[in-house]
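Reviewing the structure listed below.
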Amino acid sequence: MKRAIYPGSFDPVTFGHLDVIERSAKIMDELIIGVLNNTAKSPLFSVEERVTMLKEATCHLPHVRVEAFGGLLVDFAVQSGANTIVRGLRAVTDFEYELQMSQINTVLNPEIDTVFFTTRLQYAYLSSSIVKEVALMGGDISKFVPESVMKRVYNKFKLKESMGNEQDRADY
Ligand code: ADP
């Protein structure tokens with residue numbers, strides 16, 4: 001049984017993430033998307049919202065599961081019975097961080113390996129942060145995220161605006 005974990009913040013999930021999910025799911029018997037419950041990063045969406053958006057976006061993929069996790073990724077992998085971590089690489093700028101993470105995870109647990117999917121060219125520029133930046137400025141994000149996610153992003157900013165949150169620009 002080849003079971004892998006694809007961990008990330010997914011704040012929110014983009015077509016770039018979904019491309020990595022679909023491609024990695026093809027070579028795995030089971031893919032668990034691990035949504036990081038990261039209080040330090042002050043995400044736009046709660047972990048529950050990020051899990052819901054991913055479940056909606058991957059409901060056509062039968063052997064893909066979505067779960068929230070906190071703490072060490074290698075511990076979550078062991079608990080889940082997975083020995084492979086999937087990550088995506090967009091550009092050289094991703095490389096240094098991803099290399100360090102895969103090396104520290106190997107030191108923490110030598111049984112667990114990381115495999116990398118290089119981005120498809122059409123998604124090379126795409127990140128959750130850029131989606132939030134464009135939406136915050138009132139731009140069209142329909143090319144970047146599924147429709148249900150798009151609605152949630154716009155609603156979230158509308159909500160924040162009406163609450164008079166001046167911090168948005170600084171945070172995202
Ligand atoms: P994290 O906060 O852990 O970096 P992200 O949600 O930003 O979480 O990303 C999760 C993973 O998906 C990372 O490995 C990242 O490099 C990858 N990724 C993000 N966007 C893309 C994309 N457009 N194409 C390929 N991989 C991507």
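Summary table below
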quantity: Packing-based ranking, highest mean first, of 8-15, 143-150, 50-57 given that Cβ atoms within 10 Å are counted; calculated: 8-15, 50-57, 143-150
quantity: Heavy-atom accessible area per residue - the range 50-108, 1.4 Å, Å²; calculated: 57 Å²
quantity: The chain: Lys pairs at Cα distance under 15 angstrom, eight or more positions apart or on different chains; calculated: 9
quantity: The range 39-84: C-alpha gyration tensor shape, a/c 1.5 cut-off, then a/b vs b/c; calculated: oblate
quantity: Solvent accessible area, Å² - Arg65, 1.4 Å probe, full protein context; calculated: 90 Å²
quantity: Share of carbon and sulfur in the accessible heavy-atom surface of the range 82-128 [1.4 Å probe, %]; calculated: 57 percent
quantity: Principal axis dimensions, largest first and in whole angstrom, of the range 45-125 by Cα; calculated: 34, 34, 25
quantity: The chain: C-alpha gyration tensor shape, a/c 1.5 cut-off, then a/b vs b/c; calculated: prolate
quantity: Accessible area, probe 1.4 Å, largest first, for residues Glu67, Glu111; calculated: Glu111, Glu67
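The values are calculated or read from the model by the stated rules, or taken from the named source; none is laboratory data. Please read these numbers as outputs of a predicted model, since none were measured by experiment. All Cβ positions, even for glycine, are placed from backbone atoms using ideal geometry, and neighbour counts span all protein chains on display. When the accessible area is computed, the model is the full protein with side chains, heavy atoms only, and any ligands, DNA or RNA have been set aside. Shrake-Rupley method; radii C 1.70, N 1.55, O 1.52, S 1.80 Å.
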